[in-house]
Each structure stands twice: as structure tokens, then as C-alpha cells.
Amino acid sequence: MKNKYYEYFVQEEEYALGKHKKNIIKKRISYNKYSLPKEWYNLNEQEFWGFMVLPNVFLRMKTIGLWQKGNEFLSSFFNDKYFYLEKKQGEFICKMTNIIALLADGTVTNCCIDYEGENNLGNIENSSIASIINSNYRNILIKNASLSKLCRQCRGSLFLFDKSPLKKKKQSVLYSNSFYPYEHDLYNKGGRWTSANSIAYIYTRLKSKSVNIFFYSIYENNVLFNLNIYLYNEEEKNFSLIYNNTFNGKKEDINNVSFSYNFEYNKFYKFEIITPTFIPSLAGINPEDNRKLGIAIFDLYIC
């Protein structure tokens, strides 16, 4: 805050020192909702606002995210839709684990959106700030945030699906973050690249007998790719493999493959596409593109 809004920061610091001088001496500061600025609910994090309750202690309002909460909690918001919370897989580092956040009951956590203190680092009633900052659990999460369930959920993705019957005879999947972002001009079709292992989901709103993949391949004609299909068990909350097959495509050409499978109505499925990868800069395609790409998917759908 000081670096980004230096002049405002200094002004607030001087104001806080003057206004709260007596309370600072008494070491007692209290705030309530009447101390908040007018129309605080219209303010956002992209502008400087708020005030210092103490020098260098800046009070700000932050939005809270619901994506890291459990299914029961989310059901109260999405009762007319089917939803799935995909947790982030593998080790990862999150810069938020370097901070500390203090909750109203004295609990200290490592993230400002952990408003229930699930990543509990200790309590200031019985622990010093120094011991909390140097705690083993905090240092472990700084190196690998995936060890926290909350962090895995927060860095994952929330998928929402309509449940009403679909009148069309075709239904496309929703792509996870394991696919690269959509490119409007990809081979003049528009699509997205897979990575080595890419995941997509679908909540079936029609009865269908096949799955189709419309794609582009840069590989030799005999290079095989894998398609795995999983069905979600609502009671056990896990996926089971129900179908797997291989496919290939003509090199440097647009391909369309179809697999026969009877998909049930109102069921949740996961599609997994496994391919080799190439790096465009090393393959002489684009010297500035260092991504690890698989195949270009224009559409993945059931019908």
C-alpha cells in the first residue's frame, strides 16, 4: 500500500497518529460498523480507501470467495444447477501463504480469505506473533500450498452446469484449466490446446450414443492419443473409469474422430485426453512460444 499509494499512505499515517494518540498510549483500539466510511459496500480493492486504526495498520474491506467451501455450503447457492469443485492437483506455491491474517477470535491464519481459520497457525492469546510467523506449518505451506485442503480448493475451479433437458442433439463439454486458454484464430477455427494430460467435464442433458473430438495434430499419423471417460459416483464422491480408447490423426491436418458409447441422462462425466507434447519454439513453429502443447481441440462433444 505504501509503495502504490505513497502520498495517501503518509496522510493516513499522520491522521491516525493524531486521532488515536490517546488510545495508542492506552494500547486500546476499538472499531464498530459506525466507524466505516459511507457506502463502504460500493468500494473495491482497486482504489485507495479506508483508514489506519494504528500507524501502518490499514483497515480495508475485502470480498470473500465461496469456491473453497464444501458441497453442502455451495448447495444453498446453486440449488438449481449441478456443480463440481475441482481441486488443484500436484505441488504448487501460493504467494498468499507468505502473509498472516488475524481473525476476530485471535486466530491467525496464512490467508485473508481463510475467514474460518482452517489453516490455523495459532492464536495471539497464547502465542507470540514471532512464534506464529516462524511456525513449522506456515513454512511448510509456503514451500508447498497443496498440503492444505483449503489451498487446493481455492486454487481449483468451480464448474456450474444447467440441469434442464437440452433440445439440441449435441452437447459440448466444459474445459478445465488443464487446457490452455481459448484462441479465437487457432487454425482459423477457434479452439484450445491440450497439455500432456487435459481434463473436461459434462453433465449430460440429453441421451447420446457417441463422443466426438474435432482436433488438429502436428504429429506423425501413427502417433496415438488416449481418451479416458470417467463416471462420477454421487455417494462416494469419486470418479470411476468406464471407457478408454486410443485415436490418432493425420499430421498437420484437421481431424474428426468418433467413439460409440451410451451416455446416461443426468449424469456427470469426466473426459481425460492424454497426448505427447511439443514446444513451438523448439519445433521451429513460433520462437516466442515456450508452452508444452499437445493437440488443438476445436470441439469435444457428445451426440
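The values are calculated or read from the model by the stated rules, or taken from the named source; none is laboratory data. Every value quoted in this text rests on a predicted model; they were computed, and no experiment measured them. With ideal geometry, Cβ positions are generated from the backbone for all residues, glycine too; neighbour counts draw on all protein chains shown. Surface areas here come from the heavy atoms of the whole protein model, side chains and all, with no ligands, DNA or RNA. Shrake-Rupley method; radii C 1.70, N 1.55, O 1.52, S 1.80 Å.
Here are the numbers for the structure shown:
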{"read-out": "Label-point separation in nm, Asn136 to Ala283, each point 7 Å along Cα→Cβ", "value": "4.7"}
{"read-out": "Separation of the Gln11 and Asp253 label points, Cα + 7 Å toward Cβ, nm", "value": "6.8"}
{"read-out": "Estimated FRET transfer efficiency (Asn290, Tyr187; beta-carbon r; R0 22 Å; 0.05)", "value": "0.65"}
{"read-out": "Distance in nm between pseudo-label sites at Lys169 and Lys26 (7 Å out along the Cβ direction from Cα)", "value": "7.8"}
{"read-out": "Accessible area per residue, Å², region 145-303 with all protein chains present, probe 1.4 Å", "value": "53"}
{"read-out": "Average silhouette area of region 191-303, convex hull of alpha-carbon atoms, in square nanometres", "value": "7.4"}
{"read-out": "Lysines with Cα under 25 Å of Lys87, excluding same-chain neighbours fewer than 8 positions away", "value": "Lys62, Lys69, Lys95, Lys143, Lys149, Lys163, Lys237, Lys267, Lys270, Lys292"}
{"read-out": "Protection proxy ranking, peptides 239-251, 186-198, average beta carbon neighbours within 10 Å, highest first", "value": "186-198, 239-251"}
{"read-out": "Neighbour cut-off at most 15 other Cβ (10 Å), DSSP loop, trypsin sites (Lys or Arg not before Pro), region 137-167", "value": "Lys163, Lys167"}
